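Structure first, commentary second.
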Amino acid sequence: MILWLLPDAFDERYRQYLDTLRTNAINNKAFLKFDIENPAISRWTTQNNSSDWEEIYRCWISDATKFKQTNIAQVSGSVTNSNLDSDIPILSLEDAARLITIPLFLNFENAYNDVQFIKCVVDKSTRKQVFEKIHNAEIVTKGGGIGEVKNELRRQTNPLILRFKMFVLTDSDCKSLDTPAADAIDVAEICAANKVEFHTLRRRMIENYFPLELLYESTPTESLDNDINYKKVRAFYSLNTEQRFCMHLKKGLNRTDLHSNIYDDLQDETKQLLGDGFRGIGDWYSRENKQYVIHKLMHRNIECREVINLAAKIKNYIRTPA
């Protein structure tokens, strides 16, 4: 979150709001961007808690080139009613001071598993920041299925939260490639209409991103041919892209009601091996000693473009001073 303070914001009339912004920025709640060489800004910062303002400016400059600014708003003293409709919204001092104190809401289908998945997607520094902010209640996770994701979006009436303090992630629940289920489309449309940052997974669910080779990592090479997990994983990787991306990994191909006809021509042996799916693989994302390994394998995969883009999208949206 970046609040870009314009010169007319630095005025004695706004001391209360500037103090709120300053103290929260010092506590790493958001970046404050400003032109320290502007006479009006320089005069204020040198006469009012100068060491704080110098540290806030240093923090902004040190990180300014390290990430793309996607969650940003200008703050102006000449604005009474905030304008959230422009590409870079313009906030009043009052709204900016209110906004910097609001936690970030992660509106997911599963408040626990999806957060663990995100920790595996993002880089080490962002993973650490997510962990700390959840612990400090600066990030609030919400979940309860895709229906509850929609309900939460509809219940939320604070436009500041919708625009700046909510990130939505949903499964696509696709049975055919690039054809999200109706509920996933509904969520995407609500988010787009309200300018909420969101991501709909291209693959069916978070389990479809798991590097399955970890299931047999402890099996000796000479024993692989007799290892059931190895056989199942080999069968899975023999599928084409659409089949792999759209398979219900938790339930397996025996649940024909959960799949389209894209699996009809598979060999019987493949269908049998994948009949019960891969139960419990979602739990791997929560294993802290495996998160870096999962991250590395997901990003190394030749089909990882979406994962790379999702990692950047999350980092650029939720990033605050470390």
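The values are calculated or read from the model by the stated rules, or taken from the named source; none is laboratory data. The structure displayed is predicted, hence computed values, not measured ones. Glycine gets a Cβ as well: all are built from the backbone with ideal geometry, and neighbour counts include every protein chain shown. Surface accessibility is based on the protein's heavy atoms, side chains included, excluding ligands, DNA and RNA. Shrake-Rupley method; radii C 1.70, N 1.55, O 1.52, S 1.80 Å.
Looking at segment 213-222, can you tell me whether even one residue there is among the hydroxyl-bearing types (S, T, Y) and in contact with an Asp or Glu (Cβ under 7 Å, 6 or more places away or on another chain)?
yes
Kindly list the number of the only condition in (1) farther than 25 Å from A192 by Cα; (2) at pLDDT 95 or above; (3) open to solvent by less than 30 Å² (accessible area, probe 1.4 Å) that fails for L99.
(1)
Just name the residue that is nearest to N208 (Cα to Cα) out of those in segment 240-265 that are in a loop (DSSP other than H, G, I, E, B) and of a type in the set (S, T, N, Q).
N240
Do you know which of the residues in segment 201-239 that are among the basic types (K, R) and assigned to a helix (DSSP H, G or I) is most open to solvent (accessible area, probe 1.4 Å)?
R234
Considering (1) in a loop (DSSP other than H, G, I, E, B); (2) buried (at least 18 other Cβ atoms within 10 Å of the Cβ); (3) of a type in the set (A, V, I, L, M), say which one A111 fails and leave the rest.
Result: A111 fails condition (2) only.
In the set N28, N24, N48, N38, which member is surrounded by 17 or more Cβ atoms within 10 Å (Cβ to Cβ) and not hydrophobic (A, V, I, L, M, F, W, C)?
Criteria check complete, one pass: N24.
Cβ-Cβ below 7 Å, separation at least six or inter-chain, first residue in segment 257-268 and in contact (Cβ under 8 Å) with a residue 40 or more places away in the chain, second part of a helix (DSSP H, G or I): which pairs?
Partner pairs satisfying both residue conditions: I262/E242; I262/Q243; I262/C246.
How many residues does segment 116-141 contain that are touching a Phe, Trp or Tyr at 6+ places or on another chain (Cβ under 6 Å) and either more than 20 Å from I100 (Cα to Cα) or open to solvent by 60 Å² or more (accessible area, probe 1.4 Å) (or both)?
3
Tell me, please, whether a residue that is in contact (Cβ under 8 Å) with a residue 60 or more places away in the chain and in a helix (DSSP H, G or I) can be found in segment 184-191.
no
Being closer than 20 Å to I72 by Cβ and without any contact (Cβ under 8 Å) to a residue 24 or more places away in the chain is the filter here; which residues of segment 11-41 pass it?
Passing the criteria: N27, I36.
Please specify each residue of segment 156-174 satisfying the condition of being more than 14 Å from the chain's Cα centre (by Cα) and under 15 Å from G145 (Cβ atoms).
Scanning segment 156-174 gives S172, D173.
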